[in-house]
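Worksheet: the structure to be examined is printed underneath.
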Amino acid sequence: SLLLGFCLFCLNAQADMVFMRENNQGKHIFLKTSTGEKQITDGSNWHLYPDLSSDGKSVVYVSGADQKNLQLNLMNLTDKKSEILSVPMKGMILHPKLTKNNQYVFFSAPVENKNSIFAIDLKDNKKLIEITPGEEAYFPRPSSDGLFVVYQRNINGKKEIVFYDRLENKKEVVDIGMSPALSFDERFIAYTSKQSGSWDIYLYDRFSKEKTHIT
């Protein structure tokens, strides 16, 4: 299910993290710090896919009544005010990710019955940019400045891990797989792939081009 997932490399430098917890009160976002944890969303809506900014001051997440009515939110953790980031797409808005320079929010959103990856430029009047036009794409993992992004592309009945250099407008298929994650230094790409009869974790070194079977 696209509504079930996990993140690798999700801790920031202060060892704070955000996560979704599902219990009898619903699906809500929690913030964990060195002094404990606290719930930062409430109400009956779903609250999913949180990501913490590099400065620990804001959280981006998805909320909505159900999977057909999701929207993108940006919360300021100082005053706990949440802003809806307006996008024209409706429905399965998934997997938001902030760049480390806090300029862009990358996410996956529906276009003509399939999802594509978009970015919102928070420093340019919240300009909307389509990153993967014509492709079915999920799980964007952008670089610190948003000039490259790793994502899952669904094409011809298979799932691929794609590295896209936006500056050079070049794409590289890393491997067959899904749910990529990018290491803090942006050298390694972790992902899951079914290559020997079971789903396992692999690690790709962008510099050496070597692939390591981890599990």
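The values are calculated or read from the model by the stated rules, or taken from the named source; none is laboratory data. Treat the numbers as computed from the prediction; the structure is a model and nothing was measured. Cβ coordinates were reconstructed from backbone atoms using ideal geometry, including for glycine residues, and neighbour counts include every protein chain displayed. Ligands, DNA and RNA are excluded from the accessible area calculation, which covers all protein heavy atoms including side chains. Shrake-Rupley method; radii C 1.70, N 1.55, O 1.52, S 1.80 Å.
The 1.4 Å probe gives accessible areas that order V173, V150, largest first, as V173, V150. Using a Gaussian network model of the chain in which every pair of alpha carbons under 10 angstrom is joined by a spring, one finds that among I131, I120, I201 the greatest mean-square fluctuation is at I201. Among the trypsin sites (Lys or Arg not before Pro) in the stretch 99-163, those located in a DSSP loop and surrounded by at most 11 other Cβ atoms within 10 Å of their own Cβ are K123. Overall shape: oblate for the stretch 100-183, with the ratio a/c of the largest to smallest alpha carbon gyration tensor axis at 1.5 or above and b/c at least equal to a/b.
Among I117, I161, I176, the largest mean-square fluctuation in a Gaussian network model of the chain (Cα springs under 10 Å) belongs to I176. If the chain linking F207 and D16 were pulled fully straight, counting 0.36 nm for each residue of separation and taking away their Cα-Cα distance, it would gain 65.9 nm.
Listed by chain and number, the lysines placed with their C-alpha closer than 29 angstrom to that of K80 are K27, K32, K38, K57, K68, K90, K97, K100, K123, K126, K127; residues fewer than eight positions away on the same chain are left out.
One equal scatterer on each Cα of the stretch 26-84, no solvent, Debye formula: the resulting log10 I(q)/I(0) at q = 0.12, 0.18, 0.27, 0.28 Å⁻¹ is -0.26, -0.59, -1.22, -1.29. Couplings for the stretch 62-76, taken from phi via the Karplus curve 6.51 cos²θ - 1.76 cosθ + 1.60 with θ = phi - 60°, read 10, 9, x, 5, 6, 5, 8, 9, 9, 9, 9, 10, 10, 10, 7 Hz in order; Gly and Pro are left as x. With a Förster radius of 25 Å applied to the C-beta separation of K123 and D185, the computed FRET efficiency comes to 0.55. Local charge for I176 was computed over the other residues whose Cβ lies under 10 Å away, with Lys and Arg +1 and Asp and Glu -1, and equals +1.
The GNM of the chain, with springs linking C-alpha atoms under 10 angstrom apart, assigns the highest mean-square fluctuation among P180, P133, P96 to P133. In the context of the full set of protein chains, the chain has a per residue accessible area of 52 Å² (1.4 Å probe).
Under the criterion of Cα pairs below 8 Å and six or more residues apart, the relative contact order for the chain equals 10 percent. Spin-label pair I84-E172: with each label point 7 Å from Cα along the Cα-Cβ axis, the two points sit 4.1 nm from one another. Scaled against the 2.2 N^0.38 Å expected of a compact globular protein of N residues, the Cα radius of gyration of the chain reads 0.99.
Calculate what fraction, in whole %, of the accessible area of the chain sits on carbon and sulfur atoms when a 1.4 Å probe is rolled over the protein chains. Present the calculation step by step, with values, prior to reporting the outcome.
Working: 5490 of 11200 Å².
Carbon and sulfur together cover 49 percent of it.
The accessible area of F139, taken with all protein chains in place and a 1.4 Å probe, comes to roughly 20 Å².
Taking amide H as placed 1.01 Å from N in the peptide plane, L77 has its amide H under 5 Å from the amide H of S58, V59, each at least 5 places away in sequence or on another chain.
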